[in-house]
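Q: Let me begin by handing over the structure; questions about it come next.
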Amino acid sequence: RNPVDSYVQHTSDMSEHEVNTERVEVESRGVNHTEGGWPKDVNPQEVEQTIRFRKKVEKDENYVNTITHLGTLMEHCVKQNNAINIYEEYFGEEEMAEVEDEPPSAKTINVIRDPNVTKRTATHLSWHPDTCKKLAVAYSSLEFQQNTKDMSFDSYIWDLENPNKPELVLKPSSPLVSLEYNPKDSHVLVGGCYNGQMAYWDTRKGGLPVEVSTVEVSHRDPVYGAIWLQSKTGTECFSASTDGQVLWWDIRKLSEPTETLVLDITRKGLLENALGAVALEFEPTMPTKFMVGTEQGIVIACNRKAKTPPEKITSTYSGHHGPVYALARNPFYPKIFLTVGDWTARIWSEENKESSIMWTKYHLSYLTDGCWSTVRPSVFFTTRSDGTLDVWDFLFKQNNPSLSLKVCDEPLSSLRLQDNGCVVGCGSKLGTVTLLEISSGLCTLQRNEKTLASAMFERETKREKILEARHRELRLKERAR
């Protein structure tokens with residue numbers, strides 16, 4: 001009996017047919033070419049002499065015959081020596097056609113659950129800035145006085161390749177409401193606590209915070225937003241809370257905030273008049289500007305570098321009946337921003353203070369969070385309290401989302417998109433984080449999309465301006481009457 005190879009495979013065979021093909025053996029050959037063969041009276045360095053000699057030879061009949069004979073031989077060798085392009089796209093054209101026609105969809109790639117018996121809300125998600133293979137999740141119960149005795153304070157960093165147990169347990173002194181990776185140093189995270197304290201972790205030093213701000217100088221309410229600033233040191237951040245303050249910190253010295261701003265839109269700087277902040281927005285390309293979404297439905301645009309504290313509040317936009325749960329600038333057109341509150345999401349232009357330029361229909365359930373796509377200027381995401389994730393593409397249609405997905409039965413609480421724009425994480429009220437991969441159509445920049453989106457924003461801005469002017473006229477007439 002000939003030697004027999006047998007193999008054992010643990011999984012079942014999936015292939016229906018198999019085929020043995022002849023093996024192609026390829027070897028590389030080369031020829032070294034050196035200048036030579038010139039007669040003695042011709043100097044090969046002199047261009048004129050060589051040209052003259054060439055012309056004389058090329059007219060010779062013997063030369064022409066020899067070349068045609070050699071040509072066929074050479075061609076045979078060249079054809080044999082074809083290397084294979086292993087990266088060749090065989091069916092390039094067909095692929096493209098398919099992408100455009102496929103309906104938008106998303107598939108669940110991972111579900112991460114709060115490991116504790118008493119479930120808490122996943123209030124904030126932050127992707128690891130370099131690999132996106134890790135996800136930091138802040139857990140806390142935001143229901144007033146619902147904290148039971150056995151409720152854990154821990155938050156976690158999850159490694160997506162091993163979602164059964166957290167890679168690192170963060171142990172704050174009070175549950176974390178916000179948690180954010182440092183974009184410059186992925187070992188460092190800053191967190192804002194339920195009791196108003198700020199804390200920071202270095203993952204190389206374990207799960208206990210390296211430093212925590214003292215209660216006296218911290219916020220007096222949960223810290224709903226904590227964002228890293230673009231600084232040379234990479235250690236500066238700022239935070240906002242429902243106590244009506246925005247505080248700036250340097251994590252090297254958390255003993256006191258470096259700067260304070262009271263969110264009093266009457267510009268008197270009184271804490272009792274301040275609006276409570278529930279959303280915070282910072283665009284690194286505009287380092288001195290930032291925006292705050294408040295419990296009263298008003299968005300406050302601020303300028304950190306203004307001369308006096310009252311001037312730091314540059315303008316306000318009011319358009320929601322309840323708290324502004326999400327606030328985000330469009331990554332392609334920073335003058336355009338998105339707010340999410342009550343039953344609707346609104347798109348604003350910085351120039352129009354009176355009203356938003358576009359908005360979604362009123363949903364039957366509250367909206368809880370929202371964000372822009374990082375790769376497509378016309379796509380944004382919203383989450384709802386009935387457990388639905390909506391993906392809107394307003395170039396495609398404006399009255400309904402392009403894709404609505406029932407992610408879970410309980411309310412969704414938080415939302416965060418990876419930088420590549422294809423994977424979105426949704427946190428729920430029971431501490432479950434669902435990771436969804438979005439179909440390629442929704443995370444590939446379409447033809448002319450930037451120009452179309454920009455034109456749409458401009459057109460809507462213009463329209464609102466005209467309506468505002470008309471409105472003003474009518475009010476003046478009323479007064480005059």
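The values are calculated or read from the model by the stated rules, or taken from the named source; none is laboratory data. Treat the numbers as computed from the prediction; the structure is a model and nothing was measured. Quick reminder, even Gly has a Cβ in these numbers, built from the backbone with ideal geometry, and neighbours come from all protein chains shown. What goes into the accessible areas is simple: the full protein's heavy atoms, side chains included, and nothing from ligands, DNA or RNA. Shrake-Rupley method; radii C 1.70, N 1.55, O 1.52, S 1.80 Å.
Q: Give me a count of the residues in the range 75-111 that are charged (D, E, K, R), touching a Gly at 6+ places or on another chain (Cβ under 8 Å) and at pLDDT 80 or above.
A: 0
Q: Can you report the number of residues in the range 321-340 which are more than 23 Å from Leu125 (Cβ to Cβ), open to solvent by less than 20 Å² (accessible area, probe 1.4 Å) and over 20 Å from the mean Cα position of the chain (by Cα)?
A: 0
Q: Sticking with this structure for a sec: Is the range 342-364 home to any residue that is in a strand (DSSP E or B), touching a residue at least 24 places away in the same chain (Cβ under 8 Å) and closer than 23 Å to Pro222 by Cα?
A: The answer is no, given that none of the residues of the range 342-364 is in a strand (DSSP E or B), touching a residue at least 24 places away in the same chain (Cβ under 8 Å) and closer than 23 Å to Pro222 by Cα.
Q: In the range 280-300, which residue that is hydroxyl-bearing (Ser, Thr, Tyr) and part of a loop (DSSP other than H, G, I, E, B) is nearest to Ser315 (Cα to Cα)? Show your work before the answer.
A: As a first pass, look at the range 280-300 and keep what is hydroxyl-bearing (Ser, Thr, Tyr): 285, 288, 294.
Those still in the list that are part of a loop (DSSP other than H, G, I, E, B) too: 285, 288.
Numbers: Thr285: 19, Thr288: 14 Å.
Only one residue tops the list, namely Thr288.
Q: When the range 423-462 is examined, which residues are found to be crowded, with 18+ Cβ neighbours inside 10 Å, aliphatic (A, V, I, L, M) and under 21 Å from the mean Cα position of the chain (by Cα)?
A: The answer is Val423, Val424, Val433, Leu435, Leu436, Ile438, Leu442, Ala453.
Q: A follow-up question, please. Of the numbered conditions (1) touching a Phe, Trp or Tyr at 6+ places or on another chain (Cβ under 7 Å); (2) at pLDDT 85 or above, Asp114 fails exactly one; give the number of that condition.
A: (2)
Q: Which residues, counting only those in the range 41-88, are of a type in the set (Phe, Trp, Tyr) and surrounded by 10 or more Cβ atoms within 10 Å (Cβ to Cβ)?
A: Result: Phe53, Tyr63.
Q: Here's a follow-up. Open to solvent by 20 Å² or more (accessible area, probe 1.4 Å), of a type in the set (Asp, Glu) and either assigned to a loop (DSSP other than H, G, I, E, B) or in contact with a Lys or Arg (Cβ under 9 Å, 6 or more places away or on another chain) (or both): which single residue out of Asp221, Asp264 fits that description?
A: The conditions single out Asp221.
Q: Among the residues of the range 172-210, which ones are open to solvent by 60 Å² or more (accessible area, probe 1.4 Å) and either in a strand (DSSP E or B) or under 16 Å from Leu280 (Cβ atoms) (or both)?
A: Pro183
Q: Residues that are among the basic types (Lys, Arg), without any contact (Cβ under 8 Å) to a residue 12 or more places away in the chain and open to solvent by 60 Å² or more (accessible area, probe 1.4 Å): does the range 237-258 have at least one?
A: Among the residues of the range 237-258, at least one is among the basic types (Lys, Arg), without any contact (Cβ under 8 Å) to a residue 12 or more places away in the chain and open to solvent by 60 Å² or more (accessible area, probe 1.4 Å), which makes the answer yes.
Q: Which numbered condition trips up Phe238, out of (1) of a type outside the set (A, V, I, L, M); (2) at pLDDT 85 or above; (3) over 28 Å from Thr285 (Cα atoms)?
A: Unmet for Phe238, out of (1) of a type outside the set (A, V, I, L, M); (2) at pLDDT 85 or above; (3) over 28 Å from Thr285 (Cα atoms): (3).
Q: Being under 16 Å from the mean Cα position of the chain (by Cα), farther than 20 Å from Gln296 by Cα and assigned to a loop (DSSP other than H, G, I, E, B) is true for just one of Asp386, Asp419, Asp409. Which residue is that?
A: Asp419
Q: Out of the residues in the range 377-392 that are in contact (Cβ under 8 Å) with a residue 60 or more places away in the chain and over 17 Å from Thr344 (Cβ atoms), state the one that is surrounded by the most Cβ atoms within 10 Å (Cβ to Cβ).
A: Applying the filter and picking the extreme gives Val379.
Q: Among the residues that make up the range 117-139, is at least one of them over 24 Å from Gly370 (Cβ atoms) and more than 19 Å from the chain's Cα centre (by Cα)?
A: In the first step, residues of the range 117-139 are kept if they are over 24 Å from Gly370 (Cβ atoms); the result is 117-118, 130-131, 133.
From the residues that got through so far, the ones that are more than 19 Å from the chain's Cα centre (by Cα) too are 117-118.
Checked the range 117-139: at least one residue is over 24 Å from Gly370 (Cβ atoms) and more than 19 Å from the chain's Cα centre (by Cα).
Q: Given the residues Trp348, Trp359, Trp343, which is the only one that is touching a Phe, Trp or Tyr at 6+ places or on another chain (Cβ under 9 Å) and open to solvent by 20 Å² or more (accessible area, probe 1.4 Å)?
A: Testing whether each residue is touching a Phe, Trp or Tyr at 6+ places or on another chain (Cβ under 9 Å) and open to solvent by 20 Å² or more (accessible area, probe 1.4 Å) leaves just Trp343.
Q: Next question, about the same structure. Looking only at the range 246-255, decide whether some residue is within 23 Å of Trp348 (Cα to Cα) and at pLDDT 85 or above.
A: Looking through the range 246-255, at least one residue is within 23 Å of Trp348 (Cα to Cα) and at pLDDT 85 or above.
Q: Search the range 140-152 for residues being modelled with pLDDT under 85 and either within 29 Å of the chain's Cα centre (by Cα) or of a type in the set (Val, Ile, Thr) (or both), and hand back the single one that is least open to solvent (accessible area, probe 1.4 Å).
A: Ser141
Q: Sticking with this one: Scan the range 273-285 and tell me whether some residue there is open to solvent by 10 Å² or more (accessible area, probe 1.4 Å), among the small types (Gly, Ala, Ser) and over 25 Å from Tyr194 (Cα atoms).
A: Among the residues of the range 273-285, not one is open to solvent by 10 Å² or more (accessible area, probe 1.4 Å), among the small types (Gly, Ala, Ser) and over 25 Å from Tyr194 (Cα atoms), which makes the answer no.
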